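The values are calculated or read from the model by the stated rules, or taken from the named source; none is laboratory data. Source: prediction; values computed, not measured. A quick note on method: Cβ atoms are made from the backbone with ideal geometry, for glycine too, and the neighbour counts reach across all protein chains shown. When the accessible area is computed, the model is the full protein with side chains, heavy atoms only, and any ligands, DNA or RNA have been set aside. Shrake-Rupley method; radii C 1.70, N 1.55, O 1.52, S 1.80 Å.
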Amino acid sequence: MSSFESRWNPQSPAAQQRRAAMLERLQALRALEDRAAHASAKSLPVFERRGQLLPRQRVALLLDPGTPWLPLAALGGYLQDVKDPEKSVPGGGVVAGIGFVSGVRCMVVASDSGIEAGAIQPMGLDKILRVQEIALQNKLPFVHLVESAGANLMRYRVEGFVHGGTLFRNLARLSSAGIPVVTVQHGSGTAGGAYMPGLSDIVILVEGRSRAFLAGPPLLKAATGEIATEEELGGAQMHATVSGLGEYLAQDDREAIGMAREVVARLGYPRATLPAEGAFAEPRLAADDLLGLISDDLRQPVDMREVIARLVDGSELLDFKALYGAATVCVQGSVGGHSVGFISNNGPIDVAGANKATHFIQWMCQRKQPIIYLQNTTGFMVGKDSEQGGMIKHGSKMIQAVTNATVPQITIQCGASFGAGNYGMCGRGYAPRFLFSWPSARTSVMGAEQAARTMQIVAEAAMVRKGLAADPEKSQAQYDRIVHMFETQADVAYTSGLLLDDGVIDPRDTRDVLRQCLDMCVQADAHTLQAMQFGVARM
């Protein structure tokens with residue numbers, strides 16, 4: 001390994017302009033994420049009157065103080081609830097992330113019951129399904145803090161009901177795999193929501209607050225004419241003493257959280273240890289420089305080795321096939337003591353670059369080293385020479401390697417993620433173990449201007465075939481409309497709202513996020529689960 005010699009001047013006017021733009025963008029995205037917390041906090045007086053904690057207070061009490069917390073999909077649902085950017089509240093009605101509970105790294109999910117009583121918001125189901133998959137892949141105990149009004153019947157969609165069954169299927173899959181599912185039922189669980197505790201391994205109920213029934217009093221009366229109270233149908237006392245749905249009965253939220261911590265402490269799961277001071281060398285180059293490396297204008301080049309050198313231990317890297325397929329960067333290094341391979345882009349992926357990446361992926365699989373993709377590409381090279389050189393078959397070869405790689409793959413979308421480059425660089429469709437974005441990320445089938453000009457050429461050719469004269473004003477209006485549509489959908493806030501990533505991170509936090517993800521991958525590989533044919537059935 002050689003120490004990377006940086007040619008980047010972080011004090012240059014260009015770097016300072018990029019840094020200011022990145023910080024402004026980051027501040028705007030964090031303000032969007034904070035909307036959910038602010039909206040939920042408005043319910044504090046109601047929660048206090050009921051003797052309850054707000055959802056984020058519950059999560060904070062559950063987690064070990066001073067330990068890392070990796071929030072997931074905080075922008076999920078943005079612009080999917082309402083189309084007004086000023087009014088949309090991201091989060092999907094769910095707080096989710098990975099943190100430490102009694103020394104055990106866990107997936108923590110909490111209903112955001114401060115907003116519409118915890119009713120599932122747009123993309124909320126998709127968010128829960130995604131974090132369940134992460135828990136399954138990484139063998140993380142699943143701790144669920146439930147208080148949900150279920151589906152909002154005023155926004156009922158039949159496909160939401162049908163796909164909602166996957167949530168419950170995944171709870172059964174987790175349990176069957178030997179991954180504990182621990183639920184604290186802080187409030188209501190109605191209809192399908194009742195299966196959340198029903199499909200958990202351990203359920204903690206809260207006196208006077210927990211409710212779980214397949215049909216609440218209004219539906220029961222409408223369906224059968226029977227009249228019953230909430231406590232008779234599904235109260236905490238009833239489930240703790242009659243139905244047997246709950247294992248433990250707490251007097252309030254605080255006691256329930258304490259019980260959950262004790263349950264996790266007794267799971268027999270390995271305690272995740274944080275690295276000791278000086279266990280590995282920090283990068284020589286400052287993480288703050290990452291703010292100024294990627295331009296808002298994604299046509300401006302950047303040597304992605306400059307990014308990698310600010311992520312790896314000691315800023316030391318081994319440049320694989322440096323003189324071949326130079327626009328595709330393949331580098332070996334270490335992050336937090338974990339040996340890894342990086343693949344990134346200093347331009348379009350050409351024939352040589354695709355072959356180089358394919359070779360490197362197979363090499364990393366042989367060495368059992370995770371692969372980190374830093375996306376910044378306009379896609380695979382096009383043109384007569386490229387086509388005749390076999391770009392399709394060589395690009396396909398790279399995609400096959402990505403698809404079938406046998407080591408954990410982690411993707412960071414730093415800049416452009418255009419066209420099939422998104423596929424070849426392990427985009428969402430290729431199931432990386434984790435995928436995070438920088439505020440500068442843009443995702444699209446192609447650049448907005450290229451798309452608009454393509455359609456302009458097609459429209460003009462159609463006019464010529466019909467013997468009609470082109471209308472410059474209409475042509476320009478179509479061009480502007482397409483540019484706007486593509487740029488809106490390429491924006492990282494929009495794509496993150498659709499859960500096309502696991503969250504938008506501060507570039508300066510990239511090394512820490514990667515280290516946490518790599519720690520989880522190693523821990524998962526080392527931990528043998530006690531799998532069962534079926535999940536733990538409630539008795």
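Summarising the label geometry, the points placed 7 Å from Cα in the beta-carbon direction at Arg271 and Thr224 lie 4.9 nm from one another. Of the beta bridges in segment 44-201, as assigned by DSSP with both residues counted there, near 50 percent are antiparallel. Would you mind getting me the FRET efficiency between Ser475 and Asp84? Use the beta-carbon distance for r and R0 = 30 Å, nearest 0.05. The pair Ser475/Asp84 has a calculated efficiency of 0.50. For helix 351-367, what angle does its Cα long axis make with the longest principal axis of the chain, in degrees from 0 to 90 and rounded to 10? Rounded to the nearest ten degrees, it is 40.
Other residues lying with their Cβ under 12 Å from the Cβ of Val331 contribute a combined charge of -1, Lys and Arg counting +1, Asp and Glu -1.
Candidates Thr403, Thr224, Leu79 compared by Cα position along the dipole of the chain: farthest toward the positive end lies Thr403, with charges placed on Cβ. Bridgeable lysines around Lys127 (alpha carbons under 20 Å apart, same-chain partners fewer than 8 residues away excluded): Lys83, Lys139. Across the chain, the mean sequence separation of Cα contacts (distance under 8 Å, 6 or more residues apart), normalised by length, yields a relative contact order of 15 percent.
Shown here for segment 260-356: chymotrypsin sites (Phe, Trp or Tyr not before Pro) in loop regions (DSSP other than H, G, I, E, B) with at most 15 other Cβ atoms within 10 Å, namely Phe280, Tyr324.
Largest to smallest in accessible area, the residues Met1, Met463, Met364, Met485 fall in the order Met1, Met485, Met463, Met364 (1.4 Å probe, all protein chains included).
Excluding same-chain neighbours fewer than eight residues apart, the lysines reachable from Lys87 by a Cα-Cα span under 16 Å are Lys42. This structure gives volume of the Cα convex hull per residue in Å³, computed directly, and of [x] 160; [y] 185; [z] 149 that value is listed as [y]. Measuring r between the beta carbons of Asp385 and Ala537 and using R0 = 45 Å, the FRET efficiency lands at 0.10. Quick one: Cα centre-to-centre distance for segment 354-401 and segment 433-449, in angstrom? The two parts, judged by their Cα centres, are 18 Å apart. Rolling a 1.4 Å probe across the protein heavy atoms gives the chain an accessible surface of 45 Å² per residue.
Quick check: the angle from helix 510-526's long axis to the longest principal axis of the chain, C-alpha only, nearest 10 degrees? Helix 510-526 sits at roughly 60 degrees to that axis.
Taking a ≥ b ≥ c as the square roots of the eigenvalues of the Cα gyration tensor, an a/c ratio of 1.5 or more together with a/b no larger than b/c marks segment 177-224 as oblate. Considering helices alone, the calculated mean residue ellipticity of the chain at 222 nm is -12000 deg cm²/dmol, with DSSP H runs of length four and up weighted by -39500 (n - 2.57) and normalised per residue.
Restricting the count to DSSP beta bridges whose residues both fall in the chain, what percent are antiparallel, rounded to a multiple of 5? Antiparallel bridges: around 40 percent, rounded to the nearest 5. Near Leu145, once Lys and Arg are set to +1 and Asp and Glu to -1 for all other residues with Cβ below 13 Å from its Cβ, the sum equals +2. Computed in the context of the full set of protein chains, the accessible area of segment 1-87 at 1.4 Å probe radius has 55% of its extent on carbon or sulfur. Calculate the dipole size of segment 374-504 relative to its Cα centre from +1 charges on Lys and Arg beta carbons and -1 charges on Asp and Glu beta carbons; express the result in debye to the nearest 20. Taking the Cα centre of segment 374-504 as origin, the dipole is about 400 debye.
Among the GluC sites (Glu not before Pro) in segment 13-87, those placed in a DSSP loop whose Cβ has at most 15 other Cβ atoms within 10 Å are Glu86. About the centre of its Cα atoms, segment 232-366 shows a dipole size close to 520 debye [charges on the beta carbon of Lys, Arg (+1) and Asp, Glu (-1) only; nearest 20 debye]. Do you know the relative contact order of segment 98-187, to the nearest whole percent, from alpha carbon pairs under 8 angstrom that are 6+ apart? So the answer I get is 34 percent. Put a dot 7 Å past the Cα of Gln137, heading toward its Cβ, do the same for Thr528, and the two dots end up 2.5 nm apart.
Straight-line reach from Lys474: which aspartates and glutamates have a Cα under 15 Å away, not including same-chain ones fewer than 8 places off? Excluding near neighbours in sequence, the set is Glu460. To test your reading of the geometry: what angle, between 0 and 90 degrees and rounded to tens, separates the Cα axis of helix 253-265 from the longest principal axis of the chain? Around 70 degrees separate the two axes.
Between Ile457 and Glu232, the FRET efficiency estimated from the beta carbon spacing at R0 = 56 angstrom works out to 0.20. Does segment 486-539 come out rounded, prolate or oblate by the C-alpha gyration tensor, with a ≥ b ≥ c the root eigenvalues, rounded set by a/c under 1.5 and, if not, prolate when a/b is larger than b/c and oblate if not? Oblate shape, in that a/c is at least 1.5 and b/c is the bigger or equal ratio.
Ranking Ile120, Gln369, Tyr324 by Cα position along the charge dipole of the chain, where only Lys, Arg, Asp and Glu carry charges on their C-beta atoms, puts Tyr324 farthest toward the positive end.
Assuming charge only on the beta carbon of Lys and Arg (+1) and of Asp and Glu (-1), the dipole of the chain about its Cα centre is about 920 debye to the nearest 20.
Quick one: of the DSSP bridges fully inside segment 373-496, what percent are antiparallel, nearest 5? So the antiparallel bridges in segment 373-496 amount to around 10 percent. Shown for segment 166-290: the carbon plus sulfur share of the solvent-accessible area, taken with all protein chains present and a 1.4 angstrom probe, equals 55%.
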